[in-house]
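Beneath this line is the structure, given in structure tokens, with notes to follow.
The values are calculated or read from the model by the stated rules, or taken from the named source; none is laboratory data. Model, not experiment: these values are computed from the prediction. Because the Cβ atoms are built from the backbone with ideal geometry, glycine has one as well, and the counts that use them run over all protein chains shown.
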């Protein structure tokens, strides 16, 4: 664990980089490390982005194993016809089979999230201006929040 100059805590995960900062999925290889981070930081929700992030899928899998709520935002542009898209969509369906909430950018992408219960899906367009997208930015509280970032 390291601290950046602005006080942000950074954990190093010993995952082997394969190509373009992408790592191989291990499914259970990083469970002890994720468990330690989730407990130490008192994580309440794990929120992941992007289907090709193997660390995102692994963090969500372990969070759900530990009973921690999980949310996934799907805004990738994978199709449904070529082999790489089919594989990635299958991985995504596996992850979304046990998720608390899914946010999609289109109804087509949300069709992929059909494994999540209907009440747990939400379609929201890409938004640059939070108030125009319906985000209530004025209702934030001053309570301390712990943020966890799981990049590729």
Every residue in segment 1-39 that is touching a strand residue (DSSP E or B) at 6+ places or on another chain (Cβ under 8 Å), outside any loop (DSSP other than H, G, I, E, B) and surrounded by fewer than 10 Cβ atoms within 10 Å (Cβ to Cβ), please. 2, 3, 10
Looking at segment 40-152, what strands (runs of 3 or more DSSP E) fall wholly within it and have at least 3 residues that are at pLDDT 70 or above and surrounded by 14 or more Cβ atoms within 10 Å (Cβ to Cβ)? 45-49, 69-74, 101-104
The condition of being touching a residue at least 12 places away in the same chain (Cβ under 8 Å) and under 10 Å from the mean Cα position of the chain (by Cα) holds, among 70, 63, only for 70
